[in-house]
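Visitor: Before anything else, here's the structure in question.
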Amino acid sequence: MPEKTLGVVLRSLKYDDNSLIVDIYTATRGMVSFMVKLPKSRKAAVKGVFFRPLSILELDFDYRQKAALQRIRDVRFAYAYQSLPYDPYKSAMALFLAEFLCRALKHEADNGPLFSYVLYSLEWLDASERAFSNFHLVFITRLTRFLGFYPNVEAWHEGDFFDMANACFVPSRPLHHACLEPREAALIPLFMRMNYDSMRFFAMNRLERERYLEVLNEYYRLHIPEFPALKSPEVLKEVFA
């Protein structure tokens, strides 16, 4: 069945000398895995350059219901990045976001608002000229709205603990260990209400940023089956040190 859709590349793995297995989050099918043949001809329509992490593509493909790997017939860039691949800070953030989204969206079906949020966020990061060091934290925090485990920040009161397992604020420490102390719990409603334009007014030092990212990773691991410990945060630590 021929289909056309937009998609964001999340992972590209070499299969053999002229093939890739590419995971793409699409607007119409959610996460889809493709087998991509890379012809040696320079005039070929499908080239490896299209499948770099976070590339935003227009795809023509034949969807087969029972196939584990789909086949791409034609591909084009839907958005040409101006700075994200070339800025060392943005490219490190992109590496992290690609790994994070590949894990977080692994079992997601089509979701128009979620896809639009991812697309808008990537284009905003590419266009931003300054004050984007908290971007990934705001992005991941607000992503929980689309995945079904966002905290009810309206129920937060100063001094509350955050029960991470049940995604809610409580006045006293839960019996389990998956919780945040009041000082760190207060960051959750702050980031939920923050957006990309206002985040520059909230300053965090490197250690605070690294700690909040650890909290977010732990939170996602509690709510998404098989969500692993990620490797790319170490790259962020080095770049933003």
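The values are calculated or read from the model by the stated rules, or taken from the named source; none is laboratory data. Model, not experiment: these values are computed from the prediction. Glycine gets a Cβ as well: all are built from the backbone with ideal geometry, and neighbour counts include every protein chain shown. We work out accessible area using only protein heavy atoms, side chains counted, and drop any ligands, DNA or RNA first. Shrake-Rupley method; radii C 1.70, N 1.55, O 1.52, S 1.80 Å.
Visitor: Scan segment 182-204 residue by residue and report those that are open to solvent by 80 Å² or more (accessible area, probe 1.4 Å) and not in a helix (DSSP H, G or I).
Guide: Those that are open to solvent by 80 Å² or more (accessible area, probe 1.4 Å) and not in a helix (DSSP H, G or I): Asp197, Ala203.
Visitor: Anything in segment 109-158 that is open to solvent by 50 Å² or more (accessible area, probe 1.4 Å) and touching a strand residue (DSSP E or B) at 6+ places or on another chain (Cβ under 9 Å)? List them, or say none.
Guide: The answer is Ala109, Asp110, Glu123, Asn152, Trp156, His157.
Visitor: Answer yes if at least one residue in segment 176-190 is aliphatic (A, V, I, L, M), without any contact (Cβ under 8 Å) to a residue 24 or more places away in the chain and under 21 Å from Arg103 (Cα atoms), and no otherwise.
Guide: no
Visitor: Quick test for you: out of Ser33, Ser91, pick the one residue that is within 23 Å of the chain's Cα centre (by Cα), closer than 30 Å to Glu214 by Cβ, polar (S, T, N, Q) and open to solvent by less than 40 Å² (accessible area, probe 1.4 Å).
Guide: Details: Ser91 fails: open to solvent by less than 40 Å² (accessible area, probe 1.4 Å).
After ruling out the rest, the residue left standing is Ser33.
Visitor: With (1) in a loop (DSSP other than H, G, I, E, B); (2) charged (D, E, K, R); (3) under 27 Å from Ser128 (Cα atoms) as the list, and Lys66 as the residue in question, which single condition is left unmet?
Guide: Exception for Lys66: condition (3).
Visitor: Could I ask something else about it? Just for segment 115-137: of the residues that are over 18 Å from Pro53 (Cβ atoms), small (Gly, Ala, Ser) and in a helix (DSSP H, G or I), which one is farthest from the chain's Cα centre (by Cα)?
Guide: Ala127
Visitor: Might you let me know whether segment 66-80 holds any residue that is touching a residue at least 60 places away in the same chain (Cβ under 8 Å) and surrounded by fewer than 20 Cβ atoms within 10 Å (Cβ to Cβ)?
Guide: Yes, some residue in segment 66-80 is touching a residue at least 60 places away in the same chain (Cβ under 8 Å) and surrounded by fewer than 20 Cβ atoms within 10 Å (Cβ to Cβ).
Visitor: Which one of Ile56, Ile24 is open to solvent by less than 50 Å² (accessible area, probe 1.4 Å) and under 23 Å from Gly148 (Cβ atoms)?
Guide: Ile24
Visitor: List the residue pairs whose Cβ atoms are under 8 Å apart, where the first residue sits in segment 106-122 and is more than 13 Å from Gly7 (Cβ to Cβ), the second is surrounded by fewer than 15 Cβ atoms within 10 Å (Cβ to Cβ), and the two are 6 or more positions apart or on different chains.
Guide: Here the result reads Lys106/Glu226; His107/Pro225, each pair linking segment 106-122 to a residue that is surrounded by fewer than 15 Cβ atoms within 10 Å (Cβ to Cβ).
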